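Worksheet: the structure to be examined is printed underneath.
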Amino acid sequence: MAALITQAPPESLNLIRTLWEDLNEHHRDVSIHFSPDFAANSWQRRQSQLLQLAEQGELGLFLAREQDGGEPCGYCVATVDAGNTGEIQSIFVLPSHRGQGLGEKLLQAALAWLDTLNAHPITIGVVHGNERAWALYERFGFKPRLTTLYKK
């Protein structure tokens, strides 16, 4: 059964909690240097950060769900700040639903929303160790521009 992509209001962020926790665990597993930071991260903290970004600008929440409804099987969160810079904050599809083009559909929906807000530039951060995600982003015109190094 094909999944549908819908937009939900920022107040619906709790719908993605378990998906975000799966993504955070994935980042913990692939992060070469900062695994403990991901292990210490919490949904409450991330939700608070996203809601603060929504208050300071705009937040788009896009959900992938089976046609019969139910819990989301994927999501994408995008933001636009007061300076009109867009950012793909987070994107994730359950492993059981990968290979169906849901990541592309979620990213398309978020980018279309960012276009309606004339967001420019649009950025996305990729955790070091998760470079396999680059292929998806490069299909949408994203290119690496800068690598930021953090001192532990």
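Suppose we keep only residues that are assigned to a loop (DSSP other than H, G, I, E, B) and modelled with pLDDT under 95 within region 1-30. Which one would you say is nearest to L106 (Cα to Cα)?
Here the answer is A2.
Yes/no per residue for (1) over 16 Å from L23 (Cα atoms); (2) in contact with a strand residue (DSSP E or B) (Cβ under 9 Å, 6 or more places away or on another chain); (3) at pLDDT 95 or above; (4) among the aliphatic types (A, V, I, L, M):
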{"residue": "G70", "(1), (2), (3), (4)": "yes, no, no, no"}
{"residue": "A112", "(1), (2), (3), (4)": "yes, no, yes, yes"}
{"residue": "T116", "(1), (2), (3), (4)": "yes, no, yes, no"}
{"residue": "I124", "(1), (2), (3), (4)": "no, yes, yes, yes"}
{"residue": "Y137", "(1), (2), (3), (4)": "yes, yes, yes, no"}
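When the residues of region 95-104 are narrowed to those that are open to solvent by less than 40 Å² (accessible area, probe 1.4 Å) and under 13 Å from the mean Cα position of the chain (by Cα), which ends up nearest to L53 (Cα to Cα)?
It comes out as G103.
When region 80-94 is examined, which residues are found to be touching a residue at least 24 places away in the same chain (Cβ under 8 Å) and surrounded by fewer than 13 Cβ atoms within 10 Å (Cβ to Cβ)?
A82
Do you know which residues across region 105-118 are open to solvent by 70 Å² or more (accessible area, probe 1.4 Å) and either assigned to a helix (DSSP H, G or I) or within 17 Å of F142 (Cβ to Cβ) (or both)?
K105, Q108, D115, T116
Between a residue in region 41-53 that is closer than 21 Å to G86 by Cα and any residue that is hydroxyl-bearing (S, T, Y) and surrounded by 15 or more Cβ atoms within 10 Å (Cβ to Cβ), which pairs come within a Cβ distance under 7 Å, given they are 6 or more apart or on different chains?
L53/T79
For a quick check of your reading of the model, give me the residue pairs whose first member lies in region 130-152 and is farther than 23 Å from N24 by Cβ, whose second is part of a loop (DSSP other than H, G, I, E, B), with beta-carbon atoms closer than 6 Å and at least 6 apart or on different chains.
none
Which number in (1) at pLDDT 95 or above; (2) assigned to a strand (DSSP E or B) marks the one condition that N84 misses?
In the conditions (1) at pLDDT 95 or above; (2) assigned to a strand (DSSP E or B), N84 misses (2) alone.
The values are calculated or read from the model by the stated rules, or taken from the named source; none is laboratory data. Here the structure is a predicted model, which is why all the values come from computation and not from measurement. Ideal geometry is used to build each Cβ from the backbone, glycine not excepted, and the neighbour counts take in all protein chains shown. These area figures cover heavy atoms from the full protein model, side chains too; ligands, DNA and RNA do not enter into them. Shrake-Rupley method; radii C 1.70, N 1.55, O 1.52, S 1.80 Å.
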